[in-house]
Amino acid sequence: MASHPETKIDCSKVYVKRSTFSNEKTGMFDGAFAAVPFKEGDLIEKGVMRRLPDGFDGNTCPYIFTWSTERPNKVWAMGSGCSPFYNTCKEGTANTRMVRYFDDDRFEIFATRDIEKDEELLHTYISLKWRTCFSDLNEIVHNDVECANDDKETKEGEEQ
């Protein structure tokens, strides 16, 4: 079924199941996967962000997004759809990129290369290196060639 042309959220081409990086060392967790094949540049998912109340400390919660370019970050948000389930990987190996529109509280996720059906979808966590809740993940990411990603700062509307 095609999504409605006016929808703000469309994750119909993505599904969630146990991550391929999930194991006894990393723990058991889910990941986002391609329900259909994608070509480089294709829009994979779009959605909205809901800002969390002032004073929320996102350094303690890995399930929310850094939602500004300000450092130290004070704005945190919850993502719609499958966005919370995209795992991270080493710089240059991510098969998706997230474009953040901070003023509109929305995002779009695009394919950085051709992606096969059922392939796990990975993008760069812009706060991987400095958020305390990611300290263990940062260690795993930078010591495991298969599942890691370096931090990239993102300006409004800029590709990640």
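The values are calculated or read from the model by the stated rules, or taken from the named source; none is laboratory data. Note that the coordinates shown come from a computational prediction; the quantities given were computed from them, not determined experimentally. Don't worry about glycine lacking a Cβ; one is built from the backbone with ideal geometry, like all the others, and counts go over all protein chains shown. Remember, those area values only see protein heavy atoms, side chains included, never the ligands or the DNA or RNA. Shrake-Rupley method; radii C 1.70, N 1.55, O 1.52, S 1.80 Å.
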_Vicinal HN-Hα couplings computed from phi for the stretch 108-120 (Karplus, 6.51 cos²θ - 1.76 cosθ + 1.60; Hz; Gly/Pro x)_ = 9, 10, 10, 6, 8, 7, 4, 10, 7, 4, 6, 7, 5
_Long-range amide H partners of T96 with built H, under 5 Å_ = T112, L122
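Please say if the stretch 1-121 is rounded, prolate or oblate, where rounded means a/c under 1.5 for a ≥ b ≥ c the square roots of the C-alpha gyration tensor eigenvalues, and otherwise the choice is prolate for a/b larger than b/c and oblate otherwise?
Working: a/c = 1.76, a/b = 1.20, b/c = 1.47.
Here the stretch 1-121 falls in the oblate category.
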*Binning every alpha carbon pair distance of the stretch 37-83 at 10 Å from zero, what are the percents per bin?*
25, 42, 23, 9, 0
*Amide hydrogen neighbours beyond the local backbone of E45, cut-off 5 Å, H modeled*: I109
*Whole-Hz ³J(HN,Hα) from phi, Karplus 6.51 cos²θ - 1.76 cosθ + 1.60, for the stretch 83-91, glycine and proline x*: 3, x, 9, 6, 8, 9, 7, 4, 3
_Amide H of V14 versus every other amide H placed in the peptide plane: which residues, excluding those fewer than 5 positions away on the same chain, fall under 5 Å?_
A35
*Just need the relative contact order of the stretch 38-93 here, percent rounded to a whole number, with Cα pairs under 8 Å and 6+ apart.*
32 percent
*asked:* Please report the accessible area of R106 (heavy atoms, 1.4 Å probe, ligands and nucleic acids excluded) in Å², nearest 10.
replied: 80 Å²
*Tell me, what HN-Hα J-couplings in whole Hz come from the Karplus equation 6.51 cos²θ - 1.76 cosθ + 1.60 at θ = phi - 60° for each residue of the stretch 69-78, using x for Gly and Pro?*
9, 5, 10, x, 6, 10, 10, 10, 8, 9
_Sparse-neighbourhood loop sites, chymotrypsin sites (Phe, Trp or Tyr not before Pro) in the stretch 25-117 - DSSP loop, at most 13 other Cβ within 10 angstrom_ = F29, Y63
